[in-house]
1. Could you pull out every residue, at least 5 positions away or on a different chain, whose amide H is within less than 5 Å of the one on Gln28? Hs are placed 1.01 Å off N in the peptide plane, and Pro or chain starts have none.
2. Which of the listed residues, Ser86, Gly198, Thr269, is farthest toward the dipole's positive end in the chain, when Lys, Arg count +1 and Asp, Glu count -1 at the beta-carbon?
3. Work out the length of the dipole vector of the range 11-306 about its Cα centre, built from +1 on the beta-carbon of each Lys and Arg and -1 on the beta-carbon of each Asp and Glu, and round it to the nearest 20 debye.
4. When Phe189, Phe104 are ordered from fewest to most other Cβ atoms inside 10 Å of their Cβ, what list results?
5. Would you work out the relative contact order for the chain, in percent, from Cα pairs under 8 angstrom that are 6 or more residues apart?
6. Taking H as built 1.01 Å from N, whose amide H comes closer than 5 Å to the amide H of Ala80, not counting residues under 5 places away?
7. On a 31 Å Cα-Cα criterion, which of the cross-link pairs Lys133/Lys260; Lys136/Lys215; Lys260/Lys281; Lys136/Lys177; Lys38/Lys311 come out too long?
8. Under a straight-distance cross-link criterion of Cα-Cα below 13 Å, which aspartates and glutamates are reachable from Lys64, leaving out those fewer than 8 residues away in the same chain?
Amino acid sequence: MHPAPMRLVLLVAVLAASLAPAQMLNDQGPPQHRLVHKNTFALRYNPLGLLYDGRFAYRYRLYKSDEKALRDNFLGIGLAPTASPSFLRIGPFVEFNPLTVLGFWAALQFVQYFGSFDLAQGFPGAQSDFSDKAIKANGANRQVTNGWELTLGANFQLKLGFMVVRSFARLVNGNLKLRDGDRIFYEQFYDVGAPNHGWFFTNDLDVVYQGLENKLVAGARYTFTTPFYDPARDYDPNNAVQQADNSMHRVGPFLAYTFKFEDGAKFNTPTVFLLVQWWVKHRFRTGQDTSQALPLMGVGFQMTGDFLSIK
């Protein structure tokens, strides 16, 4: 396999993370103090990538309630490591769940690119070609570099009988040390031309069926991503094209199966998942660089657990 297609991103990891965003217990609310972990391993195609994403957190219950809509509340702090063959990310995160159905979080991660697999690469502006072919062709321009990425997130989920509606929104600001003249960079986590020192937004919306004692999740996922470019800062003045629409839409089926639930177990909720999404809109994945008939495909495994007894 040629390394050039290795566009390593977090999308599949985000899919896995959304399987149990609050790591809710089945038979009770959370204890006053909780030390949890969540580990995700994912492989994806179009673009191709391999990723590990981890979360290790201490959580403090805010109040006690027996109501399912209220009981999984907490304030948490932890460490978020992410690794792939081309980069390492690590940093602290905080999370706040005032209700079972609603959660907010923020992560600040140091990012180190190793210069492998044609990454990282910067580009003169939002109009630039950052397709897989362009990244492969410009492999000699890859950089060993580092920087920071701030992510602000909000999770919402509502269950009506066997149906579940979930939304996972992220607002991301990346800051890398790029070469002079580079205004954007290829953000492989989200497959987007990200403005350096600027923001982009992405949201995953799920409508799924949950059955077999909550072990099976099957339904559809719609993903929307858009960067927010500053015309005075993020566009290449030497490019004759003065506008660029780098927003993206994907939709397709999502399937996951959890083999067991054991409240308080150190090894819990072992889950396998599959995601297939067709690109409805993308500058380079709807015919210009790859066929629109070729979907994004992801498979992975996730496990969670408690380090402390919940009794």
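Bear in mind that the values in this text are calculations on the coordinates, not laboratory data. The structure presented is a predicted model; accordingly, all values stated were derived computationally and were not measured. No Cβ is skipped: glycine too gets one built from the backbone with ideal geometry, and neighbour counts run over all protein chains shown.
1. Here nothing satisfies the definition.
2. Thr269
3. Working: 28 positive and 25 negative charges, 68 e Å.
For this selection, approximately 320 debye.
4. Working: Phe189 27, Phe104 15.
So the ranking, lowest neighbour count to highest, is Phe104, Phe189.
5. Answer for the chain is 17 percent.
6. Under 5 Å from the amide H of Ala80 lie the amide H atoms of Gly91, Phe93, each far enough along the sequence or on another chain.
7. Values: Lys133/Lys260 43 Å; Lys136/Lys215 41 Å; Lys260/Lys281 37 Å; Lys136/Lys177 21 Å; Lys38/Lys311 20 Å.
Those over the limit are Lys133/Lys260; Lys136/Lys215; Lys260/Lys281.
8. Those aspartates and glutamates meeting the cut-off are Asp72.
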